[in-house]
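Since the structure comes first, as structure tokens, the remarks are kept for the end.
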Amino acid sequence: MIALLAIPLTVLSMQQAADSAIAQRLAGRVPPQIASLVEDLGTAAAAHGLPIDPLIQKAIEGSAKGVPPDRVATALRVVAMHLDTAATALRDGGLPSDTLAIAAGEFAISAGLSGSDITALARTGANAAALTVGLRVAGTLAALGVPPAEDIGLVSVELRAGEPASTLLLLPANVQAEMAKGATAAQAAAGLARAAAAQARHGPPPGRGQGHPPPPHPPHPPAPAPHP
Amino acid sequence: MRSGSQATDGDIVRAVLAGDRERYAQLVERYRDRYARYATRMLGSVDAAEDAVQDAFVRAYDQLAQCKEPDKFVGWFFLILRNRCFAERRRNRTSASLEAANGVAAVDRSDGGAETAEQRRALQLALLGLTPDQREVFVLKHVEGLSYSEIAERLSTSVPSLKMRMHRAYDKLREQLRDHT
Amino acid sequence: MSGHEFHPLVKQLLDGDITLADLPAELRAEGEEALRLLARVARTDVTMPAVTWRVMAALERRRRRFLPWLLAPALAAAAVLVLWLRPGSPPPSAPVVTVRFVLVAPEARQVSLAGTFNQWDSHATPLVRTGPTGVWTATLTLPAGQHQYAFVVDGVRWVPDPGAPAVDDGFGRRNSVLTL
């Protein structure tokens with residue numbers, strides 16, 4: 001009986017905490033009707049394990065830009081919808097609820113990617129932290145004009161290869177550099193994906209790590225192969 | 001612009017300090033011509049200015065580890081160049097010569113059809129006729145495009161004092177150029 | 001006042017505090033004369049292409065003197081951006097990145113930066129005009145992560161960064177995106 005009571009009480013206290021956090025962050029920044037809408041949407045989002053920060057940010061942004069409240073309200077509902085889509089897509093890809101990854105997915109959708117694109121990235125098996133960076137990078141590539149197929153192809157290769165965040169974060173600049181040489185966004189991303197796939201198969205290309213060539217002879221004899 | 005696609009001064013300073021010596025050339029490229037203008041106006045001679053700018057960059061490199069705020073490299077470098085220019089002026093007080101003015105006027109680009117070489121030469125002579133302090137504030141504001149508050153910060157002085165200096169410079173320039181306008 | 005002194009209002013004009021239209025009619029001619037003088041100065045330019053290689057050649061000659069500190073424990077390696085940890089604060093788990101924002105806006109009277117990093121406050125982060133060509137810059141230290149932003153020109157015009165990727169802001173405009 002106590003356990004049955006504890007669940008609604010916990011949900012209630014989470015909702016109150018969400019309301020309070022939202023009210024605090026919006027105080028003096030947005031009109032009352034927008035604050036009220038963000039509280040409603042935010043409470044529902046928190047109850048479903050969705051992040052509330054994108055909603056708060058969008059409300060503040062709209063008011064700071066002098067956007068009429070009705071248009072801010074529309075934008076907020078779109079953000080809430082994108083959060084829900086992102087969470088569903090991540091679940092379909094096998095990632096349990098992670099608010100940072102969901103927020104990154106919301107950004108990717110706002111940049112032009114779809115739920116199935118997010119699912120495809122989640123299915124690379126990357127952990128939540130890597131996937132969050134991958135989603136943000138994929139969204140940035142989409143914002144640069146890279147079509148979804150090439151975008152997801154490139155980011156997937158990097159995620160599967162287990163590349164660190166610092167490498168993933170360089171992808172937009174690398175695509176821009178190729179575009180500056182005359183490639184289209186799609187060609188740039190496809191070329192980088194081919195190079196990354198080849199590297200994953202054969203190791204780093206010549207030139208990488210030039211400053212540290214392998215010694216001509218191993219300093220120690222190779223370790224014996226472990227027994228099966 | 002991204003913002004990130006161009007390394008900041010602080011990025012470059014830290015990279016140089018970490019051993020990537022060649023990247024110092026990026027800082028030289030970035031500020032060379034801006035301070036070429038300043039040094040040329042201050043010294044009244046392109047040759048002297050080129051030596052001063054080169055010397056200041058070499059000194060700045062020598063002392064780079066002492067640049068406490070790498071992101072403010074340019075302000076720190078400016079003080080080195082400024083000291084170098086003022087020292088040069090003290091060493092050679094005759095540089096405000098007709099010959100020097102001719103040299104500066106010769107490299108000035110003129111995109112105004114009505115401007116004549118004679119007018120440019122007169123202007124350079126008039127600038128050299130200002131006191132070093134007046135000339136400096138004039139150059140920083142009207143050649144470098146800095147605001148009074150930026151100049152005040154750079155020179156550790158107040159805006160009213162700079163304005164007083166500048167307003168005297170305006171009058172002096174007008175007086176000297178009254179036959180050339 | 002002697003004949004070669006500019007009127008105080010003309011000096012304000014030269015300082016950029018007022019415009020020619022703000023001058024009374026009797027001072028317009030003097031104002032135009034003053035602006036002609038200034039325009040002549042502002043157009044002049046000097047370039048010293050040889051300085052770069054001369055400096056680098058001089059440094060090469062001095063290289064040996066710098067070996068000790070070149071070999072000393074270095075700061076974090078630089079890539080396109082340098083990630084580094086500020087001493088003391090924030091804690092080591094919160095990397096920050098220096099970012100230089102640049103906008104070319106010759107006609108602007110003021111430019112600022114608003115974004116997710118300053119609660120979209122268009123007064124919080126002014127850019128500084130760095131030269132006579134209308135280049136405005138600001139250098140910020142931002143936490144690693146993703147940021148959206150726009151430039152605010154003359155307090156009213158929201159302008160995306162022309163060199164950065166951009167996304168729809170949901171209000172009919174574009175936000176620039178910075179992924180660090």
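General remarks:
- Restricted to the stretch C:126-139, and to residues there that are of a type outside the set (Phe, Trp, Tyr) and either touching a His at 6+ places or on another chain (Cβ under 7 Å) or outside any loop (DSSP other than H, G, I, E, B) (or both), the residue that is farthest from C:Ala105 (Cα to Cα) is C:Thr139.
- For the stretch C:96-125, a residue qualifies if it is in a strand (DSSP E or B) and farther than 21 Å from C:Pro143 by Cβ, and the qualifying residues are C:Leu103, C:Val104, C:Val111.
- Residues in the stretch C:146-168 that are more than 7 Å from chain A (Cβ to nearest Cβ) and either buried (at least 19 other Cβ atoms within 10 Å of the Cβ) or closer than 16 Å to C:Arg100 by Cα (or both): C:His147, C:Gln148, C:Tyr149, C:Ala150, C:Phe151, C:Val152, C:Val153, C:Pro160, C:Asp161, C:Pro162, C:Gly163, C:Ala164.
- Only a single item in (1) open to solvent by 60 Å² or more (accessible area, probe 1.4 Å); (2) more than 7 Å from chain B (Cβ to nearest Cβ); (3) at pLDDT 80 or above is not met by C:Arg36, and it is number (2).
- Among (1) in a helix (DSSP H, G or I); (2) open to solvent by 10 Å² or more (accessible area, probe 1.4 Å); (3) in contact (Cβ under 8 Å) with a residue 24 or more places away in the chain, the one test that A:Leu55 misses: (2)
- Here A:Arg136 meets the list (1) open to solvent by less than 20 Å² (accessible area, probe 1.4 Å); (2) within 19 Å of C:Leu178 (Cβ to Cβ) almost entirely, failing just condition (1).
- Residue within the stretch A:143-154 that is at pLDDT below 90 and outside any helix (DSSP H, G or I) present: no
- Qualifying residue in the stretch B:5-19 (condition: under 30 Å from B:Thr131 (Cα atoms), in contact (Cβ under 8 Å) with a residue 12 or more places away in the chain and among the basic types (Lys, Arg)): no
- Within the stretch A:65-90, the set of residues being within 26 Å of C:Ser112 (Cα to Cα) and either open to solvent by less than 40 Å² (accessible area, probe 1.4 Å) or more than 7 Å from chain C (Cβ to nearest Cβ) (or both) comprises A:Lys65, A:Gly66, A:Val67, A:Pro68, A:Pro69, A:Val72, A:Ala75, A:Leu76.
- Residues in the stretch B:140-160 that are of a type in the set (S, T, N, Q), at pLDDT 90 or above and open to solvent by 50 Å² or more (accessible area, probe 1.4 Å): B:Ser149, B:Ser158.
- When the stretch B:48-59 is limited to residues that are among the hydrophobic types (A, V, I, L, M, F, W, C) and either in contact with a His (Cβ under 7 Å, 6 or more places away or on another chain) or more than 13 Å from C:Met56 (Cβ to Cβ) (or both), the one that is farthest from the other protein chains (Cβ to nearest Cβ) turns out to be B:Ala48.
- Residue-level check: of (1) in contact with a Gly (Cβ under 7 Å, 6 or more places away or on another chain); (2) over 19 Å from B:His167 (Cβ atoms), C:Val10 misses just (2).
For (1) in contact with an Asp or Glu (Cβ under 8 Å, 6 or more places away or on another chain); (2) open to solvent by less than 40 Å² (accessible area, probe 1.4 Å); (3) at pLDDT below 85; (4) in the same structural domain as C:Val159 (by TED's automatic domain parsing), each residue gets a yes or a no:
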site: C:Pro95; (1), (2), (3), (4): no, no, yes, yes
site: C:Val104; (1), (2), (3), (4): no, no, yes, yes
site: C:Ala108; (1), (2), (3), (4): yes, yes, no, yes
site: C:Leu113; (1), (2), (3), (4): no, yes, no, yes
site: C:Phe117; (1), (2), (3), (4): no, no, no, yes
site: C:Asp121; (1), (2), (3), (4): no, no, no, yes
site: C:Thr133; (1), (2), (3), (4): no, no, yes, yes
site: C:Trp136; (1), (2), (3), (4): no, yes, no, yes
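- Looking only at residues in the stretch C:1-29 that are facing chain B (nearest Cβ under 9 Å), part of a helix (DSSP H, G or I) and open to solvent by less than 60 Å² (accessible area, probe 1.4 Å), the one that is farthest from B:Tyr148 (Cα to Cα) is C:Val10.
- Among (1) aliphatic (A, V, I, L, M); (2) touching a His at 6+ places or on another chain (Cβ under 9 Å); (3) surrounded by fewer than 19 Cβ atoms within 10 Å (Cβ to Cβ) - the single one A:Ile109 does not satisfy: (3)
- Where a residue in the stretch B:160-171 is under 17 Å from B:Gly129 (Cα atoms) and its partner, wherever it lies, is open to solvent by 50 Å² or more (accessible area, probe 1.4 Å), with Cβ under 7 Å and at least six apart: B:Arg165/B:Asp133; B:Asp171/C:His4; B:Asp171/C:Glu5
- Of all the listed residues (B:Arg30, B:Arg2, B:Arg41, B:Arg37), the sole one being within 15 Å of B:Asp71 (Cβ to Cβ) and either at pLDDT below 85 or not acidic (Asp, Glu) (or both) is B:Arg30.
- Qualifying residues in the stretch B:33-47 (those that are buried (at least 22 other Cβ atoms within 10 Å of the Cβ) and either free of Cβ contacts under 8 Å to residues at least 60 places away in the same chain or touching a strand residue (DSSP E or B) at 6+ places or on another chain (Cβ under 7 Å) (or both)) - the one nearest to the other protein chains (Cβ to nearest Cβ): B:Ala36
- Residue within the stretch B:54-74 that is within 16 Å of C:Thr130 (Cβ to Cβ), open to solvent by less than 30 Å² (accessible area, probe 1.4 Å) and not aromatic (Phe, Trp, Tyr) present: yes
- When the stretch B:8-23 is filtered for residues that are facing another protein chain (nearest Cβ under 7 Å) and within 25 Å of C:Val104 (Cα to Cα), the ones remaining, listed by number, are B:Thr8, B:Gly10, B:Asp11.
The values are calculated or read from the model by the stated rules, or taken from the named source; none is laboratory data. Being a predicted model, the structure only gives us computed values, none of them experimental. Note: ideal-geometry Cβ built from the backbone for every residue, glycine included; neighbour counts use all protein chains shown. The protein model used for the area step is the full one, side chains on, heavy atoms only, and it has no ligands, DNA or RNA in it. Shrake-Rupley method; radii C 1.70, N 1.55, O 1.52, S 1.80 Å.
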